[in-house]
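Data block below; observations after.
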Amino acid sequence: MYIIMLGAPGTGKGTIGNEICKKYNLVHLATGDIFRDEMKRKTELGMKAEEYISKGELVPDSVTIKMVEGKLDKLDNVLLDGFPRTIPQAEALNEYLNKTNKKITAVINLNVPDEDIIKRTSSRVICSNKDCGASYNTIFMPPKVEGICDICGSPLIKRKDDNPETIKERLQVYYKNTKPLIEFYEKMGLLESIYINIYSETTKEDTTKKAVEIIEKRK
Ligand code: ADP
Ligand code: ZN
């Protein structure tokens, strides 16, 4: 099974993706998490990625595509979170899937109003343990104990790129490069959108339930 999570920064791709991975036993392939891990370990890839990520820009397609394909080769049941993020990445993925006889099950697009995105992203904290990857929100989805991950007990940290200035840049990049993927996958007949509005109290459970319904219908 191949599931793609689509959505602007901070829409909950990681959080909902995690739930789906648990339920269907999928590997969670989050390009942002992989880049952050490489950055922490100061690898060559990490240092290159940091130049772009710190400014809210995208890591170049050639670098990203090569990294993802290297990982996909070993996997059959995957949830892609944060990839593809540009049309060339989506085209490369299509080509790769055709070549390997694999099919996308569904593309789940999380649709959140802009004002909400800025609020959600500014108050986001993430688990410092890369094997956990849980994400919280100090306002809307706080951990049980402040600063500590509910799941694994590791300290929670703030991402460097979750500051209002970088978030605005990331939103611009989303509109320019990533939003066109909605139409791309709509044309392929794979798109499913879930509308989320924190003011109408859409919970993680509500959204997960909708995502599961989509997968059940399409698998
Ligand atoms: P968010 O969804 O909150 O923006 P991610 O963790 O998915 O966060 O991504 C963080 C950053 O990593 C992005 O702003 C971008 O610089 C880089 N990145 C992640 N995935 C990709 C990708 N597929 N292509 C290019 N850059 C990427
Ligand atoms: Zn954790």
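The values are calculated or read from the model by the stated rules, or taken from the named source; none is laboratory data. Since the structure is predicted, the reported quantities are computational estimates derived from the model, not experimental observations. FYI the Cβ positions are ideal-geometry reconstructions off the backbone, even for glycines, and counts take in every protein chain you see. For the accessible areas, the whole protein counts, side chains as well, though only heavy atoms, and no ligand, DNA or RNA atoms are used. Shrake-Rupley method; radii C 1.70, N 1.55, O 1.52, S 1.80 Å.
Structure notes:
- Checked against (1) in contact with a Gly (Cβ under 8 Å, 6 or more places away or on another chain); (2) more than 12 Å from ligand 1 (Cβ to nearest atom), A30 meets all criteria but (2).
- Residues of region 176-190 include none that is without any contact (Cβ under 8 Å) to a residue 24 or more places away in the chain, acidic (D, E) and over 26 Å from T86 (Cα atoms).
- If you go through region 92-114 and keep only what is part of a helix (DSSP H, G or I) and either open to solvent by less than 30 Å² (accessible area, probe 1.4 Å) or within 13 Å of ligand 1 (Cβ to nearest atom) (or both), you end up with A92, L93, Y96, L97.
- Enumeration of residues in region 25-53 that are among the hydrophobic types (A, V, I, L, M, F, W, C), open to solvent by 40 Å² or more (accessible area, probe 1.4 Å) and either within 16 Å of ligand 2 (Cβ to nearest atom) or within 18 Å of the chain's Cα centre (by Cα) (or both): V27
- So K13, is it near ligand 1 (Cβ under 7 Å from one of its atoms), touching a strand residue (DSSP E or B) at 6+ places or on another chain (Cβ under 7 Å) and not hydrophobic (A, V, I, L, M, F, W, C): yes
- Answer residue from region 115-134, given it is open to solvent by 30 Å² or more (accessible area, probe 1.4 Å), more than 10 Å from C152 (Cβ to Cβ) and not aliphatic (A, V, I, L, M) and is farthest from ligand 1 (Cβ to nearest atom) among those: E115
- Region 140-169, residues that are within 19 Å of E115 (Cα to Cα), among the hydrophobic types (A, V, I, L, M, F, W, C) and away from ligand 1 (no atom under 13 Å from the Cβ): F140, M141
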